[in-house]
1. Looking only at the range 304-363, which residues are polar (S, T, N, Q) and at positive phi?
2. Need the failing condition index for residue 355 against (1) touching a Gly at 6+ places or on another chain (Cβ under 7 Å); (2) crowded, with 17+ Cβ neighbours inside 10 Å, just the number.
3. Go through the residues of the range 447-466 one by one and say whether even a single one is crowded, with 18+ Cβ neighbours inside 10 Å, at pLDDT below 95, among the basic types (Lys, Arg) and not in a helix (DSSP H, G or I).
4. Out of (1) closer than 15 Å to residue 332 by Cα; (2) part of a loop (DSSP other than H, G, I, E, B), the odd one out for residue 298 is which?
5. Could you list, in sequence order, all residues of the range 59-81 that are closer than 25 Å to residue 426 by Cβ and in contact (Cβ under 8 Å) with a residue 60 or more places away in the chain?
6. Considering only the range 308-327, how many residues are within 18 Å of residue 236 (Cβ to Cβ) and either part of a helix (DSSP H, G or I) or open to solvent by 10 Å² or more (accessible area, probe 1.4 Å) (or both)?
7. Limited to the range 25-60, what total is found for residues that are in contact with a helix residue (DSSP H, G or I) (Cβ under 7 Å, 6 or more places away or on another chain) and part of a loop (DSSP other than H, G, I, E, B)?
8. Which of (1) over 31 Å from the mean Cα position of the chain (by Cα); (2) open to solvent by 70 Å² or more (accessible area, probe 1.4 Å); (3) on the phi > 0 side of the Ramachandran plot; (4) not aliphatic (A, V, I, L, M) is the odd one out, the single condition residue 523 does not satisfy?
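The values are calculated or read from the model by the stated rules, or taken from the named source; none is laboratory data. This one's a predicted model, so the numbers in the text were calculated from it and none came from an experiment. As a convention, Cβ positions derive from the backbone with ideal geometry for all residues, glycine included, and neighbour counts pool all protein chains shown. SASA here: full protein model, heavy atoms, side chains in, ligands and nucleic acids out. Shrake-Rupley method; radii C 1.70, N 1.55, O 1.52, S 1.80 Å.
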Amino acid sequence: MKTIIQEKLLHVMNNYIQSRAQPFGGNKLGSYVRKTVPQELEKIDCLNDDYVVTGSVGQGNWATVPWIAIMNRTITTSTQRGYYIVYLFSEDMSRLYLTFAQGVTETTREEMVMRKQEIRTNIKMKDSVRKDDEIYLGESGKAKGYALSTAAYIEYHKESMPSEEELVEDLESMITYYERYIEYTNAKDEPVKDDEVDSLNEIDLIKHIHSYISAKGYYYERREIINLYLSLKTKPFVILSGISGTGKTKIVQLLAESLGATAENGQLALIPVRPDWSDGSDLIGYRDIKGDFQEGPLTKVLKEANRPENRNKPYFLLLDEMNLARVEYYFSDVLSVMESRDRKNGEMVSAPVVEVKEEDGGKLLLRDNFYIIGTVNMDETTHPFSPKVLDRANTIEYNDVVLDHFGFLANDSIVEPVSIDNKQVAGRFLNLKDAFSDHEDLVRKVTELLVEVNAALEPIKAHFGYRVRDEVCFYMIYNDEGELLEFNEAFDFQLLQKVLPRLTGNDPKTEKALKALFRFCTSHEWDESSVDSAIKEARFPKSAGKLSNMISKIIYDGFTSFWGS
């Protein structure tokens, strides 16, 4: 089938810089790169049903280095992981590179360098394919990251772009080298895909979780599933709050179950918190009068998660009715250990939570496959949270109830669980330094907004520190990489979940700070007579709605808090 690849690629190079000066949303060139160019490439005979072609110009903001990736489904369907063929455009659009590259998001630098050398050494290529580190895409962190990931490449210049026939021939050659490397890895008895583990790209994974929960007869919007997924990826400690009966416990159980984690296989533990818990012994365990250690419920599941054969599986600990006892009393040891997490030998580990017999694992650590989720209700029988707890968690509210929505109940399809590798849900970042070079533009954009928020909170001493900043940035980076939510919607979730839960007060300064935040969210002053329209037009409507309720509370009751609004 005749192709016009040259024309399509040149159109991108000739128009991208001009398009970047225009608004991102709805831009025609974005659709051109994401759909039109991939459709043209798919006409090439060597790209059979085993291949998926996808293009990107960024998520919410223009990418400095747009790309079009060609991936073998048996290896990967996400540019965040694995290896694939990809066209990379230089930042100044003067050059285009056809590359044999790797996912930079979920690959350590050591793994990347090792695989790059393996490809260069073992896969013979024609002379026009370069196997060096001279590829130059630009000066941004993204450009340098993509360059580092490249094992082999062919360089094209806009002013001397080769013919259509040569472009097709080069791509066919690169696909051949790609398939040879797949054969090489298989021959080494290093399977690309474990038969017992499913590999889904991020969007398909979230779609699966949402479909699984809906098929069980529970209604949650897809963006709520995305938010819960991103929150757990950002930091494996999440608090679910809301009125009784909204399915907080059930969504955790079904989320875990959809990923192959159940109580039966030991990957999910539901622990009802008791009002009389006063220290860590009720959760972690204690030594009896004989000196023997009696394991608590957390230790039992942590022991399984620490076993070497289980470290690629996700484990979920659900603390039900978490605030029936004072969280700071029984959970303080875990909170402290949570902040000790560090990366050693390529693995994310913490200080020991507890030490058990050597045959049971010895020192038990919080690894990146262990997720803690607490459900809470706020009433006269429960205890409030301290900033120490709230700073370390994403607090997600489930208060919206649509009693007359029955459409999802008509779905009688059966969705089977999938057993996934923990790397598909685990976060990668511990410090902002880990993420800064590859995501500098996004980090600076998010931080500018957080500085504005902190300026409003500083007069009431409710401003936040580096931990909150870092974790908001991590959430926004994971969202951007997965192309899951629009920027403003994602930031709205973070403002609502990481900042507002800490706010409480009964004085004019608190009211003034809340109104300043409302103005930040809506670009309008708070006015009771026009508040609904201001929220409807707001750039951050969820946070604006919550702030409006909190402002009304302090005006009419003289006291307000996130939890009582």
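1. The answer is 345, and nothing else.
2. For residue 355, the exception is condition (2).
3. no
4. With (1) closer than 15 Å to residue 332 by Cα; (2) part of a loop (DSSP other than H, G, I, E, B) applied to residue 298, the lone miss is (2).
5. 59, 60, 63, 67, 72, 74, 75, 76, 77, 78, 80, 81, listed by residue number.
6. Going through the range 308-327 one residue at a time, the tally reaches 7.
7. Going through the range 25-60 one residue at a time, the tally reaches 7.
8. (1)
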